[in-house]
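K.L.:
Quick one: this structure, given as structure tokens, is what I'll be asking you about.
The values are calculated or read from the model by the stated rules, or taken from the named source; none is laboratory data. A quick note: this is a predicted structure, and the numbers were derived from the prediction, not measured. Quick reminder, even Gly has a Cβ in these numbers, built from the backbone with ideal geometry, and neighbours come from all protein chains shown.
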Amino acid sequence: MAKRIDVSDLDIYYGNFKAVEGVNLSIEPRSITALIGPSGCGKSTFLRSLNRMHEVIPGARVEGKVVIEGQDLYGSDVDPVDVRRQIGMVFQRPNPFPTMSIYDNVAAGLRLNAKKTSKSDMDGLVERSLKGANLWNEVKDRLNRPGSGLSGGQQQRLCIARAIAVQPEVLLMDEPCSALDPISTLAVEDLMMELKEQFTIVIVTHNMQQAARVSETTGFFNLNGVGQPGRLIEYNPTEKIFSNPDEKATEDYISGRFG
Amino acid sequence: MTSTTSAPPAQQPKSRPGDRIFAGSAKGAGILILVILAGVALFLISESVPALTASADEISGDGGLASYIGPLVFGTLLSAVIALLVATPLAVAIALFITFYAPRKLAAGLGYVVDLLAAIPSIVYGFWGIFWLAPRLVPFYRWLEENLGFLPFFAGPVSSTGRTMLTIGLVLAVMILPIVSAISREVFSQVPTLHTEAALALGATRWEMIKIAVIPYGKSGVIGGSMLGLGRALGETMAVAIILSGSAAGITWALISSANPQTIAANIALQFPESTGLAVNTLIASGLALFVITLLVNMLARWVVNRRADFSGAN
């Protein structure tokens, strides 16, 4: 299922404001790619452009190309709704649907795909997704309780279960652990290591140890000043970024000299 | 944590005059509303007692209090329910359009126009209903009678003036539309971005997002708004009094004939100027019935809203 993503000369605009400029990179399938950088550098915007979620904001548009296994995401005949069905997303704050039970949360994406699924098939898919998100044992006795009753870390794993239930090709994670305590963070990181066997994962994180722990490849975003567009400064194997980066700015950032 | 263990036990929190004044006045306001409610209820009950204890032939209509108030209660509920059935889906659709579909400029203008509907005095709606709406509805009622006349609601003969129960229901629907749509709009606009984005990121279309994230979240607010609307429809006096004046009939399901049950509030407005003595008490007793109906409706709404409180999104 995992697919490769190629981004070339990508500029992202909000109205007339250029938020991100000139991004070129290739994301390998079945790997975790981390995006780091100071706040406001455009890494979340870039991540959201990979499943066209940035278009939720009126006036947002891109120039350049994002190609997933030969398919241009921004082709004129491509429906953003279809893009988002292939590319799942996990957000900064856990956001299970508060009006739905745990079961219905996981089933929500499957039901959107409008295929008739029998009750037993659906039960199986929900169980498999919850097991995939390492949440099954904690919630199997209360699948009909609201998802909002879980702890923050459990809610985030519920959101991951919801995202992987539709078998996406790519999983985007926008600071998935920033609202979680260290133990829940560890649980989510372990989960990511398991999930990368099946999915291409791109994660935005402010936690550099996290990037170093989980990712194979790291991209460092930065901007020259307020009002300037963010740029991809360096994109290299994680080991290299954290030991011997090519760019001075990367070294300054990871060693804590700014940002 | 360390400071609490070293602090002396049972220390009185410092009392500030500003806090005391504010707490006192807030408590006073809370008590005042209960006192007013109790005062109204006591007045209604004490003034109804003569009618409640009177023998059947003393009440106008000679059938006793129950047979006097019964058709009125029926008419009140019927007209309000028609209004609610028509207004709620329309109001929700308007609110969704304004919140999620309309371009920003149009949305602001539309919201203003809907709010303006609420500012029109009810007597004006009454005139509008009788002179404009009712005659235009007559052909439609004829069509209903011809094609759906087998249903008790659309049994003939059709009123030639159009001053019918269904017309009342439609006028009331227009009157409660602003309040229901204003409240629906408010709750829909408060749906957290987190939830709408969660739906969109799963590959929901706009409509699917509304279905799985917006409507469930806003449902209790919409119910609350409808109940406020229902309250207004139940108590609406002038519009109903104008349109249905003089055509008091017993309990009937026929919505488009010229014989229609009167509503409580309109009946009081029409009968009160010519009433004395026990007749006034009878009217007040019917007012008491309206009061009780409104309380029951509100309790029912609360029960509906709280039934799935766990899933409301408020936690």
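K.L.:
Is region B:91-100 home to any residue that is over 30 Å from residue B:183 (Cβ atoms) and either in contact (Cβ under 8 Å) with a residue 40 or more places away in the chain or not aliphatic (A, V, I, L, M) (or both)? Steps first, answer last, please.
P.N.:
Just the residues of region B:91-100 that are over 30 Å from residue B:183 (Cβ atoms), to begin with: none.
Checking region B:91-100: not a single residue is over 30 Å from residue B:183 (Cβ atoms) and either in contact (Cβ under 8 Å) with a residue 40 or more places away in the chain or not aliphatic (A, V, I, L, M) (or both).
K.L.:
I'd like to know if region B:159-171 contains one or more residues that are away from chain A (no Cβ under 14 Å), charged (D, E, K, R) and in contact with a strand residue (DSSP E or B) (Cβ under 9 Å, 6 or more places away or on another chain). Reasoning before the result, please.
P.N.:
Of region B:159-171, the ones away from chain A (no Cβ under 14 Å) are B:159-171.
Next, only the ones that are charged (D, E, K, R) stay: B:163.
So of that shortlist, the ones also in contact with a strand residue (DSSP E or B) (Cβ under 9 Å, 6 or more places away or on another chain) come out as B:163.
Checked region B:159-171: at least one residue is away from chain A (no Cβ under 14 Å), charged (D, E, K, R) and in contact with a strand residue (DSSP E or B) (Cβ under 9 Å, 6 or more places away or on another chain).
K.L.:
If you don't mind, another one. From the list A:70, A:75, A:64, pick out the single residue that is of a type in the set (Gly, Ala, Ser) and either in contact with a Leu (Cβ under 9 Å, 6 or more places away or on another chain) or in contact (Cβ under 8 Å) with a residue 24 or more places away in the chain (or both). Walk me through it before giving the result.
P.N.:
Working: A:70 fails: either in contact with a Leu (Cβ under 9 Å, 6 or more places away or on another chain) or in contact (Cβ under 8 Å) with a residue 24 or more places away in the chain (or both); A:75 fails: either in contact with a Leu (Cβ under 9 Å, 6 or more places away or on another chain) or in contact (Cβ under 8 Å) with a residue 24 or more places away in the chain (or both).
Just a single option satisfies the conditions, and that option is A:64.
K.L.:
To continue, here is another question. Take region A:17-40 and flag every residue that is at pLDDT 90 or above, of a type in the set (S, T, N, Q) and assigned to a loop (DSSP other than H, G, I, E, B).
P.N.:
A:31
K.L.:
Additional query: Going residue by residue through region A:103-115, is there one that turns out to be within 14 Å of chain B (Cβ to nearest Cβ), among the charged types (D, E, K, R) and farther than 18 Å from residue A:167 by Cα? Can you show your working first?
P.N.:
Let us first name the residues in region A:103-115 that are within 14 Å of chain B (Cβ to nearest Cβ), namely A:103-115.
Imposing the further condition that a residue be among the charged types (D, E, K, R) reduces the set to A:104, A:111, A:115.
Checking which are farther than 18 Å from residue A:167 by Cα leaves us with none.
No: zero hits.
This table checks each residue for (1) away from chain B (no Cβ under 11 Å); (2) farther than 21 Å from residue A:154 by Cβ; (3) touching a Cys at 6+ places or on another chain (Cβ under 6 Å).
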| position | (1), (2), (3) |
| --- | --- |
| A:55 | no, yes, no |
| A:61 | yes, yes, no |
| A:73 | yes, yes, no |
| A:79 | no, yes, no |
| A:92 | no, no, no |
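K.L.:
Using the structure shown, decide if residue A:106 is part of a helix (DSSP H, G or I), touching a helix residue (DSSP H, G or I) at 6+ places or on another chain (Cβ under 6 Å) and surrounded by 17 or more Cβ atoms within 10 Å (Cβ to Cβ). Explain how you work it out, then say what you get.
P.N.:
Values: part of a helix (DSSP H, G or I): yes; touching a helix residue (DSSP H, G or I) at 6+ places or on another chain (Cβ under 6 Å): yes; surrounded by 17 or more Cβ atoms within 10 Å (Cβ to Cβ): yes.
Yes: the conditions hold for residue A:106.
The rows are residues; the columns are (1) closer than 16 Å to residue B:71 by Cα; (2) of a type outside the set (A, V, I, L, M, F, W, C); (3) not in a loop (DSSP other than H, G, I, E, B).
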site	(1), (2), (3)
B:197	no, yes, yes
B:216	no, yes, yes
B:219	no, yes, yes
B:233	no, no, yes
B:240	yes, no, yes
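K.L.:
If you don't mind, another one. Where in region A:163-254 are there helices (runs of 4 or more DSSP H), lying fully within it, with 1 or more residues that are under 16 Å from residue A:132 (Cα atoms)? If you could, list the steps in order and put the result at the bottom.
P.N.:
On the way: elements: A:182-195, A:208-214, A:238-243, A:248-254.
Because the criterion is at least 1 residues that are under 16 Å from residue A:132 (Cα atoms), the helices (runs of 4 or more DSSP H) in region A:163-254 that meet it are A:182-195.
K.L.:
All but one of (1) among the hydrophobic types (A, V, I, L, M, F, W, C); (2) within 13 Å of chain A (Cβ to nearest Cβ); (3) closer than 30 Å to residue B:255 by Cα hold for residue B:191, so report the exception by its number.
P.N.:
Going through the list (1) among the hydrophobic types (A, V, I, L, M, F, W, C); (2) within 13 Å of chain A (Cβ to nearest Cβ); (3) closer than 30 Å to residue B:255 by Cα, residue B:191 breaks only (3).
K.L.:
Now for a separate question. Given the options B:26, B:54, name the one that is at pLDDT 90 or above and farther than 24 Å from residue B:236 by Cβ.
P.N.:
Values: B:54 fails: at pLDDT 90 or above.
After applying the criteria, what remains is B:26.
K.L.:
Being within 14 Å of chain A (Cβ to nearest Cβ), buried (at least 16 other Cβ atoms within 10 Å of the Cβ), touching a residue at least 40 places away in the same chain (Cβ under 8 Å) and of a type in the set (A, V, I, L, M) narrows it down to one residue among B:297, B:214; which is it? Reasoning before the result, please.
P.N.:
Numbers: B:297 fails: within 14 Å of chain A (Cβ to nearest Cβ).
Only one candidate passes the filter, namely B:214.
K.L.:
Still on this structure, I have one more. When the residues of region A:139-187 are narrowed to those that are among the hydroxyl-bearing types (Ser, Thr, Tyr) and within 18 Å of the chain's Cα centre (by Cα), which ends up surrounded by the fewest Cβ atoms within 10 Å (Cβ to Cβ)?
P.N.:
So in region A:139-187, the residues among the hydroxyl-bearing types (Ser, Thr, Tyr) come out as A:148, A:151, A:178, A:184-185.
From what is left, the residues that are within 18 Å of the chain's Cα centre (by Cα) are A:178, A:184-185.
On the way: A:178: 14, A:184: 19, A:185: 19.
The qualifying residue surrounded by the fewest Cβ atoms within 10 Å (Cβ to Cβ) is A:178.
K.L.:
Could I ask something else about it? Quick check on my filter: what residues within region B:173-200 are crowded, with 20+ Cβ neighbours inside 10 Å, out of contact with any Gly (no Cβ under 7 Å at 6 or more places or on another chain), aliphatic (A, V, I, L, M) and farther than 20 Å from residue B:233 by Cβ?
P.N.:
Matches in region B:173-200: B:198, B:199, B:200.
K.L.:
In region A:26-53, which residue that is crowded, with 18+ Cβ neighbours inside 10 Å and either on the phi > 0 side of the Ramachandran plot or acidic (Asp, Glu) (or both) is nearest to the other protein chains (Cβ to nearest Cβ)?
P.N.:
Result: A:52.
K.L.:
Out of the residues in region B:220-251 that are free of Cβ contacts under 8 Å to residues at least 40 places away in the same chain and out of contact with any Leu (no Cβ under 7 Å at 6 or more places or on another chain), which is surrounded by the most Cβ atoms within 10 Å (Cβ to Cβ)?
P.N.:
The initial filter retains those residues of region B:220-251 that are free of Cβ contacts under 8 Å to residues at least 40 places away in the same chain, namely B:221, B:245-246.
Still in the running and out of contact with any Leu (no Cβ under 7 Å at 6 or more places or on another chain): B:221, B:246.
On the way: B:221: 20, B:246: 8.
Among residues in region B:220-251 that are free of Cβ contacts under 8 Å to residues at least 40 places away in the same chain and out of contact with any Leu (no Cβ under 7 Å at 6 or more places or on another chain), the one surrounded by the most Cβ atoms within 10 Å (Cβ to Cβ) is B:221.
K.L.:
Which residue out of A:141, A:123 is assigned to a helix (DSSP H, G or I), at negative phi and more than 14 Å from chain B (Cβ to nearest Cβ)? Full working, then the answer.
P.N.:
Values: A:141 fails: assigned to a helix (DSSP H, G or I).
Being assigned to a helix (DSSP H, G or I), at negative phi and more than 14 Å from chain B (Cβ to nearest Cβ) holds for just one of A:141, A:123, which is A:123.
K.L.:
I'm told residue A:67 meets every condition in (1) closer than 20 Å to residue A:190 by Cβ; (2) more than 10 Å from every other protein chain (Cβ to nearest Cβ) except one. Can you identify the failing condition by its number?
P.N.:
For residue A:67, the exception is condition (1).
K.L.:
Could you figure out which of (1) in contact with a Gly (Cβ under 9 Å, 6 or more places away or on another chain); (2) surrounded by 11 or more Cβ atoms within 10 Å (Cβ to Cβ) isn't true of residue B:49?
P.N.:
Condition (1) is where residue B:49 drops out.
Yes/no matrix, rows are residues, columns are (1) at pLDDT 90 or above; (2) farther than 30 Å from residue A:166 by Cβ:
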{"position": "B:111", "(1), (2)": "no, yes"}
{"position": "B:116", "(1), (2)": "no, yes"}
{"position": "B:121", "(1), (2)": "no, yes"}
{"position": "B:149", "(1), (2)": "no, yes"}
{"position": "B:155", "(1), (2)": "no, yes"}
{"position": "B:176", "(1), (2)": "yes, yes"}
{"position": "B:188", "(1), (2)": "yes, no"}
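K.L.:
Now, a different point. Take the conditions touching a Pro at 6+ places or on another chain (Cβ under 6 Å) and either more than 14 Å from every other protein chain (Cβ to nearest Cβ) or assigned to a strand (DSSP E or B) (or both) and apply them to residue B:251. Does it pass? Step through it out loud before you land on a result.
P.N.:
Details: touching a Pro at 6+ places or on another chain (Cβ under 6 Å): yes; either more than 14 Å from every other protein chain (Cβ to nearest Cβ) or assigned to a strand (DSSP E or B) (or both): yes.
Here the answer is yes, as residue B:251 does meet what is asked.
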